[in-house]
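Here is the structure we will look at.
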Amino acid sequence: MKKVEATARERRRKQNIRRSILGALAAGGIISLVVLAPTAAGTLLKAGRRIFPSEFERSITRLRRRGLVVLEKTERGTFARITPAGRFALARFGGERIEQKPKRWDGDWRVVLYDISEHRKKDRIHLRELLHAFGFVRLQDSVWVYPYDCEDFITLVKADFRIGREVLYLVARAIENDGPLREKFDLPADRDQYR
């Protein structure tokens, strides 16, 4: 039984490390990893925990893989920047949610369309990864669908990538042949209950 408790404690410890890193990034915007490491470690030390450099590096790697943090290499070093998904995750860590899945679907589809030029291909790829990680389903190449209100998330994405005009957020009452979408999101097939 002690093994279960130890595993739970270790999971909470890792979450605290990730929360500290995201919090430091949210407060500072873009921060050098050299500066960030002591900041995150200091936050955890105040709480009576010690963070090791290897734990910090693993946490940064996990956050980057999940799309919550982006690493940018420049002449002055490597910098970490929190992404819109990272801000969303941080809000969830703190208990205040930017977006919350309602108990009942309102019957409207949220559609995100984007047209990002070829010279910003990295941004386009990253946006696609973020939408997928958030739970959107790809309808066509640059058309993604989600059943719940996510306007705040899309606003953060637009601001973070500076792509306000290249991304459109629509609320659609119906999508032709939406059966597979309803299955994917585990929504009832009876359309009449939303009218």
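The values are calculated or read from the model by the stated rules, or taken from the named source; none is laboratory data. Because the structure is a prediction, the values reported are computed rather than measured. So basically every Cβ, Gly included, is an ideal-geometry build from the backbone, and we count neighbours across all protein chains shown.
Some observations on this one:
- G107 over 20 Å from T155 (Cβ atoms), modelled with pLDDT of 80 or more and surrounded by 15 or more Cβ atoms within 10 Å (Cβ to Cβ): yes
- Within segment 68-89, the set of residues being assigned to a helix (DSSP H, G or I) and among the aliphatic types (A, V, I, L, M) comprises A85, A89.
- Strands (runs of 3 or more DSSP E) within segment 108-195 that include 1 or more residues touching a residue at least 40 places away in the same chain (Cβ under 8 Å), within 24 Å of A89 (Cα to Cα) and within 20 Å of the chain's Cα centre (by Cα): 109-114, 137-140, 167-172
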